[in-house]
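For reference, the structure is listed below as structure tokens.
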Amino acid sequence: MDFIRMLMNFLAHLYLSGDNRDIIIGNFIADHVKGNKVESFSPAIRAGISLHRSIDQFTDNHPVVREAVERIRTEFRKYAGVVVDMYFDHFLSAGWADWSDEPLQDFTARMYAIINASEGILPPRTKHMLPYMMNHDWLGSYGNFDGLNRALSGMARRTPFHSNMETASETLRNDYTFYQDSFNVFFPELISHSTKVRDGVIAEIH
């Protein structure tokens, strides 16, 4: 599932990073930094990696998320969590104005610029992924069904067995209110958690 993890919920992670450029980079690259390789990065980037992992742990253990995942477990099996992450990035993108005063296009352009400026320190897998991410505008495309379906169908083609993810956007369309309500309950709690963790890690590096 490593390639699949490359594609999921970058928008939420970057949104939750705040304005510290190193924390943004650390949060962005975290899934591509394994074992003691984390020690090769600056304290601020390591703080971003720590934030990313805390966000994932909070998300995976949240009862609203668990209920959402179990609702589609039979259909998508071990990829149900990936699908829910993509659904939630869809809601963040589609309802962006409810969560940020900065227009989504401005935010994504700023994130791409920050990541590009740090290309020299990105892990190899991140460097390999970045051109595809920018060319297909992964950060900005999930807010509409066409973009979400393209991403999910592309992920389905890369799974080692039939994952059914090419049908996941239609599953969302048929159960939209449930997942939107789930996101609206969960995401404010994730923001609160992430802000506390981010404030803590920033305090540690100063």
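The fewest-to-most ranking of 165, 134 by surrounding Cβ atoms within 10 Å reads 134, 165.
Once both labels are positioned 7 Å from their Cα atoms along Cα-to-Cβ, the gap between residue 61 and residue 99 label points is 2.2 nm.
Excluding same-chain neighbours fewer than eight residues apart, the lysines reachable from residue 34 by a Cα-Cα span under 23 Å are 78, 127.
So how do 205, 72 line up by other beta-carbon neighbours within 10 Å, fewest first? Mind dumping the intermediate values first?
Working: 205 14, 72 21.
Fewest-to-most Cβ neighbours within 10 Å comes out as 205, 72.
For the stretch 45-59, the Karplus equation 6.51 cos²θ - 1.76 cosθ + 1.60, evaluated at θ = phi - 60°, returns couplings of 5, 4, 5, x, 4, 4, 4, 4, 5, 5, 4, 4, 5, 4, 5 Hz by residue, with Gly and Pro reported as x.
At a temperature of 4 °C and a viscosity of 1.567 mPa s, determine how fast the chain diffuses translationally according to Stokes-Einstein, using the Kirkwood radius over alpha-carbon pairs as Rh; express D in µm²/s, rounded to the nearest whole number. Provide the component values of the computation, followed by the final result.
Numbers: Rh = 17.3 Å.
For the chosen part, D equals 75 µm²/s.
3J(HN,Hα) along the stretch 24-29, derived from phi through the Karplus expression 6.51 cos²θ - 1.76 cosθ + 1.60 where θ = phi - 60°, amounts to 4, 5, x, 5, 5, 8 Hz, with x in place of Gly and Pro. When the charge dipole of the chain is built from unit charges on Cβ atoms (+1 for Lys and Arg, -1 for Asp and Glu) and taken about the Cα centre, the candidate among 91, 65, 41 whose Cα reaches farthest toward its positive end is 41.
Plugging the Kirkwood radius over Cα pairs into Stokes-Einstein for the stretch 71-190, at a temperature of 20 °C and a viscosity of 1.002 mPa s, what D comes out in µm²/s? Spell out each step's value before the answer.
On the way: Rh = 15.6 Å.
So the translational diffusion coefficient is about 137 µm²/s.
Here is the list for the stretch 1-104: trypsin sites (Lys or Arg not before Pro) lying in DSSP coil, each with at most 14 other C-beta atoms within 10 angstrom of its C-beta, are 34.
Karplus-based coupling profile of the stretch 179-194, in residue order and whole Hz: 6, 5, 4, 4, 4, 5, 7, 6, 5, x, 5, 5, 4, 4, 4, 5, with θ = phi - 60° in 6.51 cos²θ - 1.76 cosθ + 1.60 and x standing for Gly or Pro.
None of the figures in this text is laboratory data; all of them are computed from the coordinates on show. Remember, predicted model here, so these are calculated numbers, not experimental data. Every residue, glycine among them, receives a Cβ derived from its backbone with ideal geometry; neighbour counts consider all protein chains shown.
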